[in-house]
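The values are calculated or read from the model by the stated rules, or taken from the named source; none is laboratory data. All values derive from a computational prediction rather than experimental measurement. All Cβ positions, glycine included, derive from the backbone under ideal geometry; neighbour counts span all protein chains shown. Areas reflect the complete protein model, heavy atoms only, side chains present, ligands, DNA and RNA absent. Shrake-Rupley method; radii C 1.70, N 1.55, O 1.52, S 1.80 Å.
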Amino acid sequence: MLNVVLGLIASAISAGLGWLAQSVRRRRRLERERAFFGLPNGGEALLVANRHASSPNPNSVARDDVYALMELAALVRECGARSTLTSHDEVRQGLGDKTEFCVGGPDSNERTGAHLASWLPGAAFVAPPADAGHPVRTLLVGEREFPFRSSAEQPGGTAYVLLARVHLRPGSRPVFLIAGQTAVSNHAAVRHLAAHHRSLARRYGPDGAFAVVLRVLNARAYGPDVVEFEADVTAAATARPRPAEA
């Protein structure tokens, strides 16, 4: 009987220690996530929604952009923070007071255009060549081009998205910029950010700025699920272009 009692006590202690260790690991993982996103418990986040680029209704938002915003709201809630959704043309506030997630390229999001000009002057979205056969702009970072490829040009097509964390100052909250060539690429970048924030934190530090380009393959068949890392463009994106020679 004594051996049985001692065995039960030992099992209970082991179970308790295992539960405690898991709780500590979860808490540490959550604290690291909060630090990376600048979302302390009870903090606030601003979700800036873009408009549907091809819709005549200025208040329309593409379906995949809605999904991206929903997943960002879930991420904020997971950190114990609150989120506020606002349209890109209604934001009239500075930076640093709360974490900001800005979704969409500069054509569909005025706030993105301001962030690119202020913090990523080496990145731009330029008109495609006249013979491209589509209106989707090319992502240009420094001297490197990331052109959109339609299904007619390449099986399944290819789209790119710029994912960046900028405006990092002591005591301020970061801005996350998700600027894709398509709504699906925006959604894919949000999923990548949520799934790989730990590796991004290891690579760039818990409070380091970065800018990376992701490639979304065959979105028609796979949606936002097949995403590949294309390039680290931090240096080129943050460098201000030299003025053109006379």
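Here Ser172 fulfils each of the conditions (1) among the hydroxyl-bearing types (Ser, Thr, Tyr); (2) in a loop (DSSP other than H, G, I, E, B); (3) under 14 Å from the mean Cα position of the chain (by Cα) apart from (3). When you check Ala53 against the structure, is it in contact (Cβ under 8 Å) with a residue 24 or more places away in the chain and either assigned to a helix (DSSP H, G or I) or surrounded by 13 or more Cβ atoms within 10 Å (Cβ to Cβ) (or both), yes or no? Criteria met by Ala53. Within segment 197-216, the set of residues being under 14 Å from the mean Cα position of the chain (by Cα) and in a loop (DSSP other than H, G, I, E, B) comprises Ala209 only. How about segment 150-176: which of its residues are hydroxyl-bearing (Ser, Thr, Tyr) and either open to solvent by less than 40 Å² (accessible area, probe 1.4 Å) or over 24 Å from Arg215 (Cβ atoms) (or both)? Residues satisfying the conditions are Ser150, Thr158, Tyr160, Ser172. In the set (1) touching a helix residue (DSSP H, G or I) at 6+ places or on another chain (Cβ under 9 Å); (2) open to solvent by less than 70 Å² (accessible area, probe 1.4 Å), the condition left unmet by Ala239 is number (1). The single condition among (1) in a loop (DSSP other than H, G, I, E, B); (2) within 26 Å of Leu139 (Cβ to Cβ); (3) more than 17 Å from the chain's Cα centre (by Cα) that Pro106 does not satisfy is (3).
Residues that are part of a loop (DSSP other than H, G, I, E, B) and open to solvent by 80 Å² or more (accessible area, probe 1.4 Å) within segment 56-99 comprise Pro56, Pro58, Asn59, Arg92, Gln93, Asp97, listed in sequence order. Filter segment 177-196 down to the residues that are part of a helix (DSSP H, G or I) and open to solvent by less than 10 Å² (accessible area, probe 1.4 Å) and list them by number. Result: Ser185, Asn186, His187, Ala188, Ala189, Val190, Leu193.
Restricting to segment 121-141, name every residue that is farther than 22 Å from Val184 by Cβ and open to solvent by less than 40 Å² (accessible area, probe 1.4 Å). Within segment 121-141, Pro121, Gly122 meet the criteria. Is it the case, given these coordinates, that Ala123 is under 22 Å from Arg51 (Cα atoms), free of Cβ contacts under 8 Å to residues at least 24 places away in the same chain and not charged (D, E, K, R)? No, not satisfied. Say whether the condition of being at pLDDT below 95 and among the polar types (S, T, N, Q) is met by at least one residue in segment 227-236. Scanning segment 227-236 turns up no residue that is at pLDDT below 95 and among the polar types (S, T, N, Q).
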